[in-house]
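Read the figures in this text as sums done on the coordinates, not as results from a lab. All figures in this text were calculated on a predicted structure; none of them were measured in a lab. Quick reminder, even Gly has a Cβ in these numbers, built from the backbone with ideal geometry, and neighbours come from all protein chains shown.
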Amino acid sequence: MTEAERPSAIGQALLAISDQWNLLILQRAFLLRIRRFADWRDELGMSESVLASRLKELVAGELLRPAPYREQGRTRTEYRLTERAIELWPMLVEIWSWERRWVPDRQGLSELVHDVCGNRTDVELGCAGCGQAPVAAHDTEIVRGMATFAQVAVPRHHRRTLRGKAAADPLSYFPETFDLLGDRWSTVILVAAFLGTRRFADFRAELDVAPSVLSNRLRQFRQLGVLAVEEPGYQLTDKGLDFFGIFAYVVDWAQRWYTGPPDTDLRVIHRACGQPFRPCSRCRSCGQELSRTEVHFAVPEGRFPSPRTRITVSAPA
Ligand SMILES: [Zn+2]
Ligand SMILES: [Zn+2]
């Protein structure tokens, strides 16, 4: 692979996480502390072959690390979140928060509890550099560097089908989220829209995407209410712009954990302080910065066969 073909940092990050099953496997590891093959299989209703391929991929991507354990005299393998994966937790909370704001009929969504103030709360995006909050897309400037979109949209081998229990489980993300984050073309079209791409022809030229794929995704985005048609082309709606928080966490995480060819970094600058935007999540009730060990999700009762009332967003070491 030549330097020009090597994915940028964000491309590598998206390759690792913009897959529905990968996101759900990681999410269950966070929320339910799942570490074992059979527990993911039963919890998500996944086929064993799909689960095995995703675990392999997550291990290769250094998001899970295999650890042997003994059971009934035999040595088996469990999978623990790596430090790289653990740092995804604020992005997962941000996804929860976006769904809470924008997905209609959000009945049964779990509630975020801030253990420090004791309130059921929501998160507010802030700048860790200068302390300002809230920070929205229009408070920032996105700088693209020299990356081509070919270095951002890295082909995946999987098809994007989600079956089994996960699709209907209240703990799972909503289909709308997967429409934006669970598919490489969708995510990259969204990134292009954040970078200011407006016209169909420009999306097509930038992304080198088949016109049928592009019009299909743009139609889907309009149906989702994420893009609207407005001269001279497509414009992010408030709902689309609000996805910025998730996007900012992906960019931040990508920069800390992946290295692309020189000058291919996508950077987000916070205009108010002029620094690269380092997102942080604050409690809307008390204003404090949230830390992973001081929040938990409360799941509404009656949503599970066996009640799980307290789910901690923490990762076993
Ligand atoms: Zn700032
Ligand atoms: Zn609080």
Sequence order, the range 289-297: Karplus ³J(HN,Hα) from phi using 6.51 cos²θ - 1.76 cosθ + 1.60, θ = phi - 60°, Hz rounded, Gly and Pro as x, gives 5, 7, 10, 4, 8, 10, 10, 8, 9
Return the FRET efficiency for the residue pair Gln132, Arg74: r is the Cβ-Cβ distance, R0 is 45 Å, and the value is rounded to the nearest 0.05.
0.25
Residue-ordered couplings for the range 89-99, obtained by feeding phi - 60° into the Karplus form 6.51 cos²θ - 1.76 cosθ + 1.60 and rounding to whole Hz (Gly and Pro as x), are 4, x, 5, 5, 5, 5, 4, 4, 5, 5, 4
Checking the a/c ratio against 1.5 first, then a/b against b/c, what shape does the Cα gyration tensor give for the range 1-142?
oblate
Residues with amide H under 5 Å from that of Leu227, placed H, sequence gap 5 or more:
Arg222, Thr237
Which residues' amide hydrogens lie under 5 Å from the amide hydrogen of Arg80, considering only partners 5 or more residues apart or on another chain, with H built in the peptide plane?
Arg65, Ala67
Estimate the FRET efficiency between Arg120 and Asp238 by the formula 1/(1 + (r/R0)^6), using the beta-carbon distance for r and 41 Å for R0, to the nearest 0.05.
0.95
Sorted by packing (mean other beta-carbon atoms within 10 Å per residue), highest first, where do 53-61, 224-232 land?
53-61, 224-232
Considering amide H positions built from the backbone, and no H for Pro or chain starts, which residues 5 or more places from Gly45, or on another chain, come under 5 Å of its amide H?
Lys165
FRET efficiency for Gln288 and Val50, using Cβ-Cβ distance with R0 set to 45 Å, rounded to 0.05
0.65
So what J values fall out for the range 111-127 if you push phi through Karplus, 6.51 cos²θ - 1.76 cosθ + 1.60 with θ = phi - 60°, rounded to Hz, Gly and Pro as x?
10, 8, 10, 8, 5, 6, 9, x, 8, 6, 9, 10, 9, 10, 7, x, 9
